[in-house]
Amino acid sequence: MDQNPPENENQIKGLPLITQETRDKLLEEIGLGQEEQPSSLSHPNDQMMREALDLHSGKHYERMMNKGQQVEKVTLGSFDDIADVKPDLIRALRDGIEVGLGFNEPLFSERYARGIGLVIKAFHVESDYRLISDMERLTDEDILKIKDVISSGIKSGSGLSSSTDPFTRALNRPRIPASQQYLREIIDGPPKAHPMFLDAEYKTGAGLMYRAMNIIWHRLYPGQNPSAPPPSTPSPSPSQGY
């Protein structure tokens, strides 16, 4: 079972570095493109006035609902495509969450699923949109390993549902390594777009799927090493919660 401590996750070999181009594409899909950012020329009072008017008219609620639906489409949309080519993988991800939790709770499952789905989406885009169709080649053994990664990671005390102490949770929580700066920025995108992504299970799901992606990538693209150079910009500080 995969119970490697967080520091060993930086030793994962063979996964490509998610590029800035992939980050920009996905943040655009989420609704966090440059045009969504407030203009640096606008006065803060103008922005506050617009937000107050939107809140009064109901446009704020409508916009938040639309943003939530768009983010859900990006984070969960890959599952339908995977179900067409490898439904056993969808079952394994679902069962891995339930086994890890020790019970069937759709609310928690959906939180984990958002992080899992977004990491899959990122590597799918990075693979020039080949990854999901190539998943058809995954073996039953691969599927079982992936399920075990998910279930053991949750059992180890990664999420809010765990009864373990906060120190154990912090030590066992799966992390996306600092070298994957742009993947981290992708994962940070949904909480900025909608508050329903501000939960521990979402980021835990992303970290666990990053571990599981190592199994998938080596099966589908054996011998391939990361092709992109490390980002030249500084890595995020540990305070970002990974």
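Read-outs: derived from the displayed coordinates by stated rules, not from any lab. Every value quoted in this text rests on a predicted model; they were computed, and no experiment measured them. All Cβ positions, glycine included, derive from the backbone under ideal geometry; neighbour counts span all protein chains shown.
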_What is the sum of charges, Lys and Arg at +1 and Asp and Glu at -1, for the other residues whose Cβ falls under 13 Å from the Cβ of ARG219?_
-2
*Note down the nm distance, to one decimal, between modelled labels 7 Å out along Cα→Cβ at GLU141 and at ASP165.*
4.0
*Sorted by average packing, counted as other Cβ atoms within 10 angstrom per residue and highest first, what order do 182-188, 22-28, 101-107 take?*
182-188, 22-28, 101-107
*What percentage of all Cα-Cα pairs in the range 80-175 are separated by more than 16 Å?*
58
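Using a cut-off of 12 Å between beta-carbons, work out the net charge of the residues near SER109 (Lys and Arg +1, Asp and Glu -1, SER109 not included). Write out the running numbers ahead of the final one.
Numbers: positive: ARG94, ARG111, ARG114; negative: ASP95, GLU98, GLU105, GLU110, GLU201.
Here the count lands on -2.
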